[in-house]
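S.K.: So that we are looking at the same thing, I have put the structure below in C-alpha cells.
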Amino acid sequence: MEKLCCFIIIVVLSVNCLSVCFGRLVVNSTTDEEALLAFKTRITSDPNNILTANWSTKTSFCNWIGISCSRKQFRVTALNFSGFGFRGTIAPHIGNLTILGYLDLSSNNFMGIIPSELSNLRRLKEINVGFNTFTGEVPSWFGILPELEHILLNNNNFSGSIPTSRMYNNSKLQTIDMENNFLDGNIPQEIANLSSLETLVLRSNQLTGSIPFGIFNMSSLRVLDLTDNSLSGRIPDNICDDILKLTILDLSKNQLYAQIPSNIYKCRYLQDLSLSNNHFNGSIPSAIGSLTMLRSLNLGMNNFIGGIPLEIGNLSHLEILGMQGISLTGIIPSFVFNISSLRRINLANNSLSGSLPVDICHNLHELEMLFLQSNQLTGQISNVLECKRLQVIFLSDNNFTGGIPTKLGNLTELQYLYLHNNKLTAAVEGVLLSCGVLNPSTVIVALNWSADSVDVGFCIPFSFEHIHSGTGSVTRIYEMCKQYFGLEKGSSSLVEYYNKLWLSVRREIASTSLS
C-alpha cells in the first residue's frame, strides 16, 4: 500500500512538473513571436517584401526568413537581417528574446538609437549594426552582457565619447569596431583591461588626445586601427614588447610625432603597417626590414630624413609600398624594383632623380599602380610600359624626355595615365593610334602639353569609338571634348583651349579615388 501511494505521488508531481514546464515553453515561445511581430511593425520599408510574404503567423516563427531557433526550446537564438534593405527603428521588444545569441542588422537603413531594453539579452555574443544610420551614444550597458564577444557599430552616426565605465569588465570581448562614426573625446584607458580583445577599430572618428600606452600591453591584440582621427603624442618605445600577435597596425592620418620605435621588429607577424600622414621624424628604421610577413607598408607624408633603408629589400611578400612626400633624394634604390610581389609603388612628391632602370619591369610582374609624379626623374618612359598589368601610371611633373611609345597600346588594363609637365614629344595621330587599343569604357589618358608645343593628345572614354587610326585630328578632339566636358572653343588659341581642357580633365580625374 505504501509503495502504491509513493507511486501515485510521483506520477502527480511529474504531471504537475510537465504542465509547468510546457506552460513556460508556450509562454516563452509566445513572447518571442510577439517580439518579432513588434519588430515587424517598426519596419517602414521592406524592398524585398520579405516580411509580408514570409513572416506569417500561420507558420512557426522559427521558419521565418532571418530567424534561427533552438531545437529543444523553440526559442529565437539568432536574428540575421544583414543586407535585407530594411528601413525603420529597433523595437525595444527585441530585449524579450532572452536567449538570443546573435543579432545582425548590418547593411540596412535602420535609424534612431539602440534601445536600452537590449541590455536584457544576457546570452548575446555578437551585435552587428554596421552600415546603418543609428544615432545617439554608444551604449554603456554593453559591459553588463557577460557573454558578449563582438561589438560592431561601424559606419553609423553614433556620437559623443566612448563609454569609460562598465563596458570594460567583460573578459570575453574580442572585437570592438566603431569605425566611421562621429565619436569624440579620448580613447578610454580602461580598454586595456579587456584581456581577450583581438580587434580594436576606431578609425574615421573625431578622437583626440594620446593613444593609451596600456593598449600596447594587450597581448591578445591582433588588429589596431586608429586611422583618420586627431590623435597626438608619441607611440611608446616598447611598442612591440607585448603585442607580439599584432598583424595590422594602422595609425595613419593623425598628429603623432617622434621617431618610429626601433623595436618594431618584434611585431614579427605584422602584415600591414601604416603610419602615413603624421609627423614622425628621424630616419626610417632599418628594423622594418625584419618584418618579413609585411604585405603593406605606408610611411608617406611624414618628416623623415635620409633614404629608404636597404633592408626594405628583404620584404619579399610586400605588395604595397607607400613612401610619398617624405623628402627622399637621390636615385630610386634598385632593390625596390626587385620585390616581385609589389602591386603598388608610391614614391611621389619627393626629390628623387636619375632615370628608371632599363629592366624596371623584369621582376615587377604584378605591378598595377605606379606613382612617381612630382620628382626630378629623367630619361625615357618606354621601359615602364613593359609592365603589362599596369592600371595606373603617374609620371607627371618630372623631366622625362623622348616620345610616347606605340607600345602604350599593349597596356590593355590601363585606366589612368598622367604624363603632363614633362619634356615629352608625341604626335597627336600616333597617340590616338595607341589609345584606340585601350579599354574604351574606363580609360582617361592625359599626355604631355606645353605653352610652346601642340604635340598634345587626350584619350577620353567618349572619343574611343569615334577615333580610328590615321583619321584623328585636333579639330575632331576639340569637338568631342567640347561635347564631353561642356567646353566652348570660342576665339581661344589652340594652347589656351588645351589649357581649359586640361583643367577639366584634372578635375574629372581628381574626383575619382585612386587610393
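S.K.: For segment 146-276, what % of the accessible area comes from carbon and sulfur atoms, probe 1.4 Å?
M.R.: The C+S portion of the solvent-accessible surface of segment 146-276 is 40 percent.
S.K.: Amide H to amide H, which residues 5 or more places from Gly185 or on other chains are under 5 Å from it, using H placed in the peptide plane?
M.R.: Distant-sequence amide H within range of Gly185: Thr208.
S.K.: Right, next: Rounded if a/c is under 1.5, else prolate if a/b beats b/c, else oblate: with a ≥ b ≥ c from the C-alpha gyration tensor eigenvalues square-rooted, which is segment 58-132?
M.R.: oblate
S.K.: Continuing with the same structure: Treat every Asp and Glu Cβ in segment 83-143 as -1 and every Lys and Arg Cβ as +1, leave all other atoms uncharged, and give the resulting dipole magnitude about the Cα centre to the nearest 20 debye.
M.R.: Using only the charged Cβ atoms, the result is roughly 120 debye.
S.K.: If amide hydrogens are placed 1.01 Å from N in the peptide plane, which non-local residues have theirs closer than 5 Å to the one on Ala258?
M.R.: Result for Ala258 returns Asn281.
S.K.: Same structure, new question: How many percent of the accessible area of segment 355-417 is carbon or sulfur, using a 1.4 Å probe?
M.R.: 41
S.K.: Before I look further, what does segment 243-389 give for accessible area per residue, probe 1.4 Å, in whole square angstrom?
M.R.: On a per-residue basis, segment 243-389 sits at 40 Å².
S.K.: Now, a different point. Between Lys58 and Ser140, what's the calculated FRET efficiency when r is the beta-carbon distance and R0 is 41 Å? Round to 0.05.
M.R.: 0.50
S.K.: Further question on the same structure: Take each of the peptides 417-425, 107-115, average the number of other beta-carbon atoms within 10 Å over its residues, and list them starting from the highest.
M.R.: Per-residue mean Cβ counts within 10 Å order the peptides as 417-425, 107-115.
The values are calculated or read from the model by the stated rules, or taken from the named source; none is laboratory data. As the structure is a computational prediction, the values presented were derived from the model and not from experiment. As a convention, Cβ positions derive from the backbone with ideal geometry for all residues, glycine included, and neighbour counts pool all protein chains shown. Heads up: the accessible areas ignore ligands, DNA and RNA and are worked out on the full protein's heavy atoms, side chains in. Shrake-Rupley method; radii C 1.70, N 1.55, O 1.52, S 1.80 Å.
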